[in-house]
Structure formats: C-alpha cells, structure tokens
Amino acid sequence: MERVTEVPESFARSADRGQVNDYDAFAEAYAAENENNLVNAYYERPAMLALAGDVAGRRVLDAGCGSGALSAALRDRGAVVTGIDASATMLALARRRLGDDAALRVADLRDRLPFADGAFDDVVASLVLHYLEDWGPALAELRRVLRPGGRLIASVDHPFVAYTIQDPRPDYFAATSYSFEWTFDGRSVPMRFWRRPLHAMTEAFTTAGFRLAVIGEPQPDPAARELFPDGFHDLSSKPVFLFFVVEVPPPAAGSDD
C-alpha cells in the first residue's frame, strides 16, 4: 500500500490564494499555450496517437479531454470520440473546436462515469491521473466502461522528474502531493499534482484488473528539432512523461462473461 504524506506547507500557501487546479479560471490561456508548444504538440500528443495506432471505427473515451486537441486528432483518424472533463469551460472550448454535435460531458474521474459497462473500445487519459491522490476508483471506472479486450492509453508525469523537483528530495517510495504555480498571461495559478513511484502505478493498473502491455518513454516528434532546437535536445535526452498501454483481458475460454 502506498504511503501518503502530508501536503507541503508551500502548497497550503498557494491554496490560500485561490482554488487549486481551477481550469475554469484559466482555460483559454492554457488551451492557447497547449496548442502548438513543444511538450504537448510535438511530444505528448504525438506519442499518445502513436500508441493508439489505427483507431478507425473505434469508440474512444477521451478522459480529461480539455479543449479537445487530442479528441480532434483521434476523430480525424476515424475514431468515434466521446470527451469528458471536470471543467465546463474547457469543454466549451472543446465544443468550439469539435462542433455542437460532439459528444462532450462534464464528468469527474473521482465519480461514477455516466456510461454503460463496456461502452468503449479505448480510453485515452492524457496527463490526467497525476491529479488524483487515489487512482483506484478512477481506474475501476475506466475498466468498467471498456469492453473486454479494450485498452487504456495513459500519460503521466515521469516519476524521475516528479521526485526531483523538490529539495530536499522526498521519499521515492511514498505517494506525495506537490505544488507549483503555472503562469499564463502574467497571472500565476496554483496547481497540485500527486507523484507515486513506478511500482505503485503498475500495481494500481493490475489491481484494477488491467494487463500491462506497454510502458513507454518515447522521443519527441523529429519535426520539433528545427522548430525548438534548444528544447528538442533537452526533451530528447531527459524524461518528462511516462506512457502506458494497459488492456482489459478478454474473457477466458468457455466463460459466459
């Protein structure tokens, strides 16, 4: 079982200045930054799409879809996409991108999802799970809404990074929260993430009934070399995110499930 430490004092000071992880408050600025930057547009999203592979005709849930960039890319590849996000403002941006007929719903991964069992062939969870203190309930729900043989494709902060951004370094084997501030348009917004060791991540997936298929540390899109020459070198030589593909095992032979 993971050991969870107390919230750092620095986070408490940040929280006093406003609601933490409040994407409704900075959705437009975040979406604009996310659209064409190195880390998201030329590293994380291409990696997620590569892991997803051929999605034509597949029912895909974009869990934490934000402003819809990954949903749009999956739809362009033929997927039937449903997007959920806890931020209504982010969903409004996604609807602006995807159109009024897009299947978008406000939903929180900490709650029961508004979908039937086995409703999806794939779930993509792009940089979402590290917002959660406890992965267990969310993973159980994502497994429930996946059909047997379905896949969860997820990206999270790499533990190598998450456990080295604080001095002194925290206990690697403990699940700990950490806080920081993002700056958009000259405004600082308080954020809070949860870091956990690699073994805790894999155990959370298997405890939820998934089978590990891929643990990936991909390289950025080569096109970024000319667009972001300095950042490309750093990103191609230092880990930033960790990627997983986990599967719902098909029913055993002879099973009625």
*asked:* Working only with C-alpha atoms, what are the Rg and Dmax values of the chain, expressed in angstrom?
replied: 18.1, 61
_Stokes-Einstein D for the stretch 108-254, Kirkwood Rh over Cα pairs, 37 °C, 0.692 mPa s (µm²/s)_ = 193
*Bridge type composition, the stretch 111-257 - antiparallel percent by DSSP, nearest 5*: 80
*Would you mind giving the average projected area, over all directions, of the Cα convex hull of the stretch 147-229 in nm² with one decimal?*
8.8
_the stretch 143-213-the stretch 39-106 distance, computed between alpha-carbon centres (Å)_ = 20
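Just for the chain, what percent of DSSP beta bridges are antiparallel, to the closest 5? Write down the numbers at each step before the final one.
Numbers: 21 of 41 bridges.
So the antiparallel bridges in the chain amount to around 50 percent.
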*Ranked by how many other beta carbons lie within 10 Å on average, peptides 166-172, 80-86 from highest*: 80-86, 166-172
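How would you rank 61-68, 179-186, highest first, on the average number of other Cβ atoms within 10 Å across their residues? Let's see the in-between values first.
Details: 61-68: 27.1, 179-186: 12.6.
In decreasing order of mean packing, 61-68, 179-186 become 61-68, 179-186.
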*Among 92-105, 126-139, 146-159, the order from most to least packed when residues are scored by Cβ within 10 Å on average*: 146-159, 126-139, 92-105
*Only helical DSSP H runs with n ≥ 4 go in: add -39500 (n - 2.57) per run for the chain, normalise by residue count and round the 222 nm mean residue ellipticity to 500 deg cm²/dmol.*
-9000 deg cm²/dmol
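Across all directions of projection, what mean area in square nanometres is found for the Cα convex hull of the stretch 107-155?
3.1
Give the whole-number value, in cubic angstrom per residue, of the convex hull volume spanned by the C-alpha atoms of the stretch 139-187. It would help to have the intermediate numbers written out before the result.
Details: hull volume 7.8 nm³, N = 49.
In the stretch 139-187, the Cα convex hull volume per residue is 160 Å³.
Computed from the coordinates by the stated procedures, all read-outs in this text should not be read as laboratory data. Given the structure is predicted, the values throughout are model-derived calculations rather than measurements. Here Cβ is always computed from backbone atoms with ideal geometry, including for glycine, and neighbour counts include all displayed protein chains.
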